[in-house]
Amino acid sequence: MAQKVQFVETVLRDANQSLIATRLPFEKFEPMLSTIDEAGYYSIECWGGATFDVCLRYLNEDPWERLRKIRAAVPNTKLQMLLRGQNVLGYAHYPDDFVKLFVKKAVENGIDIIRIFDALNDVNNLKVAMEATINAGAIASGCISYTTSPVHTHAKYVQMIKELKEMGASTICIKDMAGIMGPKEAYDLVSAIKDAVPGMPIDLHTHSTTGLAFMTYLKAVEAGVDIIDTAISPFSGGTSQPATETLAYALRQLGYEVDLNDAACKKMADYFKTVRDDFIKDGTLMPKSMATDTQCLTYQVPGGMLSNLLSQLKQMNALDRLDEALLETPRVREDMGYPPLVTPTSQMVGVQAVRNVLDGQRYKTVSKEIKAYCRGEYGTTPAPINPEIREKILAGEKPLEGRYADTLAPVVEPTREKLGDLARSDEDVLSYIAFPNLAEKFFEERKAKEENVATYSIVEA
Ligand code: CO
C-alpha cells in the first residue's frame, strides 16, 4: 500500500501572517471557505498565532466571531490553531485560570486541533495548555520549536517528544519556523523520532524562506513523516510555506498517496491570486517577503519576524540598516542562551538587535520583555544567559526560581467583575485579558455601532 501524506493548509494563518503581516480580513477569504472544506486537507490552520491580535488591532473583527463563522462554513475539515503555551496568544506568561478557560472556549467555538509550542522548548510551559486541550476533547499537538545551535541536538529533541507523549500529545509537530531545516536534518530527525516513538503521527512545519523547504519535505516524507504544512500557491513561497499543489503533484508522481481534490485547489489558487494582487498593489505584500533569502541560514530569522523587522526599519526610515540588524540578531540570540526564534522570543531578540544597532551601543536600552526574560519569567533557557549581560540588565534584581505562572494570581474572575456589562461573554473577558486596550476599544465601538444602527432605524421608520 502506498504511503499516505496529508496536508495542512496554512493560507488563513501562517501564510497570511508570514507574507502580509496577518492583514487578511474575513470577507477576503469567506468566499473560499466551502471550497477549502472540500479540498481534502488533514486540517486548516486558521486561528491563533497573530490572527487574534491583528483582528482586534487592525481589522476591527471579533476574533471569536471569525472562528465561529469559519466553523459554520467549514463543517467537515478539522480546524487548527497555534497556541504559544503559557503565553496563549500574547507575549508573556498568563495565570493558569486564563490558559484553561481560553483553551476551553477555543474548542467550544470550533477548534479541533491545538498546536502548542513554547519558545524555549520548556515543557513546563506546555503542561497546562496540553491538559486543558485534552480535557476539552480536542487534539493536542505537541510541538518542538526547531532551531540549531551548539546546545540543540537530535537526542534532546527526541527526549522532548517522549515527554510530550507522556503529557498526552496525540500528534507531534516539528516546527521549523525559520525554514532553516535542510533535507538531511529532516530525514535524520524524522527517522530518529519514528524509531523512538513508533506510531506517533508526525507533522513537519517549515517555511520557504531559504529555498530548502521542498527538499526538506521530500526527505521527511521518505523518512515517514505523516503530515506536511503547505500554502495554496499564490500565498506560497518566500517567508510562507511551499505550494500545496506543487507538493501534491511531485509526491503523487513518486507514488505517494495524496487525497487532495485538484479542482478545489485550482479554484482556491485562482481566487487567492486576485487577493494576493490586491495586497501587492497596496504595498502590504513586499517583494522581499516573496524572495528566497539564504541569509536566513546564518541569521535564523523566521518568516513573520523578517517581515516585522522590515516594517519596523521602514517606519524608522532605516531600511538601509537591515544587514546590520540581521548581523546583530544571532549575537543577541547567543547572549540570551540560544532561544529558538519564534514568537515572542523572535520579536524580543529582533527588537533588541535593532535597538543595539540604532543606539550604536549594545544593551543601552532594553525592552521590559528582555528584562523579564533575564529574570526567568519565560522559563528555562536552552543555555545559560551570558552572565555579564544578564547582570547588567537585571541591575541587582534577583532571578526567579521555579515556574513563573505559579507566582501569578487568578485573573478571570476579577476581570469579569471589573468589566461588568462591557463584557457580554466569557470570550469578551478573555479578549480583554489578552489585549486590554484593544478589546476595550473594540467593545466601545461595537456598542456605538449598535446604537447608531438603532437610531438610524428609528429615523427610517
Ligand atoms: Co510558521
Looking across region 200-213 at residues that are in contact with a helix residue (DSSP H, G or I) (Cβ under 7 Å, 6 or more places away or on another chain) and under 22 Å from residue 272 (Cα atoms), the single one that is nearest to the ligand (Cβ to nearest atom) is 207
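Looking only at region 125-145, filter to residues that are among the aliphatic types (A, V, I, L, M) and under 16 Å from residue 173 (Cα atoms); which one of those is surrounded by the fewest Cβ atoms within 10 Å (Cβ to Cβ)?
Here is the first cut: in region 125-145, the residues among the aliphatic types (A, V, I, L, M) are 126, 128-130, 132, 134, 136, 138-140, 144.
Of the ones still in play, those that are also under 16 Å from residue 173 (Cα atoms) are 126, 129-130, 138-140, 144.
On the way: 126: 27, 129: 27, 130: 22, 138: 23, 139: 19, 140: 26, 144: 24.
Restricting to residues being among the aliphatic types (A, V, I, L, M) and under 16 Å from residue 173 (Cα atoms), the top hit is 139.
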Any idea which residue in region 110-124 is surrounded by the fewest Cβ atoms within 10 Å (Cβ to Cβ), counting only those that are in contact with a Leu (Cβ under 9 Å, 6 or more places away or on another chain) and assigned to a loop (DSSP other than H, G, I, E, B)?
-> 112
Answer with yes or no whether residue 11 is in a helix (DSSP H, G or I) and either among the small types (Gly, Ala, Ser) or within 16 Å of the ligand (Cβ to nearest atom) (or both).
-> no
Examine region 66-76 for a residue that is of a type in the set (Val, Ile, Thr) and assigned to a helix (DSSP H, G or I), and state whether such a residue exists.
-> yes
With respect to the numbered conditions (1) over 24 Å from residue 93 (Cα atoms); (2) surrounded by fewer than 20 Cβ atoms within 10 Å (Cβ to Cβ); (3) acidic (Asp, Glu), which one is the sole condition not fulfilled by residue 334?
-> (1)
Pick out, from region 228-324, the helices (runs of 4 or more DSSP H) lying fully within it that include 2 or more residues that are aromatic (Phe, Trp, Tyr) and modelled with pLDDT of 90 or more.
-> 262-281
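Looking only at residues in region 153-177 that are among the aliphatic types (A, V, I, L, M) and within 16 Å of the ligand (Cβ to nearest atom), which one is farthest from residue 119 (Cα to Cα)?
Per the stated criteria, the residue is 172.
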May I ask you to verify whether residue 217 is among the aromatic types (Phe, Trp, Tyr) and either in a loop (DSSP other than H, G, I, E, B) or within 16 Å of the ligand (Cβ to nearest atom) (or both)?
-> yes
What are the pairs, 6+ residues apart or on separate chains, where a residue within region 200-222 that is under 15 Å from residue 248 (Cα atoms) and touching a residue at least 60 places away in the same chain (Cβ under 8 Å) has its Cβ under 9 Å from a residue that is within 12 Å of the ligand (Cβ to nearest atom) and part of a strand (DSSP E or B)?
-> 221/204
Residue set 227, 193, 180; condition of a type in the set (A, V, I, L, M), away from the ligand (no atom under 16 Å from the Cβ) and surrounded by 20 or more Cβ atoms within 10 Å (Cβ to Cβ); output residue 193
Residue count, region 24-45 (criterion: crowded, with 17+ Cβ neighbours inside 10 Å and either part of a loop (DSSP other than H, G, I, E, B) or within 16 Å of the ligand (Cβ to nearest atom) (or both)) = 8
Looking at (1) at pLDDT 95 or above; (2) surrounded by fewer than 19 Cβ atoms within 10 Å (Cβ to Cβ), can you tell me which one residue 148 breaks?
-> (1)
Residue check: is residue 21 modelled with pLDDT under 95 and in contact with a helix residue (DSSP H, G or I) (Cβ under 9 Å, 6 or more places away or on another chain)?
-> yes
Taking residue 49 and the conditions (1) surrounded by 20 or more Cβ atoms within 10 Å (Cβ to Cβ); (2) at negative phi, which numbered condition does it fall short on, given that it satisfies the others?
-> (2)
Does any residue of region 57-75 turn out to be buried (at least 20 other Cβ atoms within 10 Å of the Cβ), among the aliphatic types (A, V, I, L, M), within 17 Å of the chain's Cα centre (by Cα) and within 16 Å of the ligand (Cβ to nearest atom)?
-> no
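Being within 20 Å of residue 216 (Cβ to Cβ), in contact with a Leu (Cβ under 9 Å, 6 or more places away or on another chain) and not hydroxyl-bearing (Ser, Thr, Tyr) is true for just one of 243, 248, 291. Which residue is that?
Unique residue meeting the criteria: 248.
The values are calculated or read from the model by the stated rules, or taken from the named source; none is laboratory data. All figures in this text were calculated on a predicted structure; none of them were measured in a lab. Quick reminder, even Gly has a Cβ in these numbers, built from the backbone with ideal geometry, and neighbours come from all protein chains shown.
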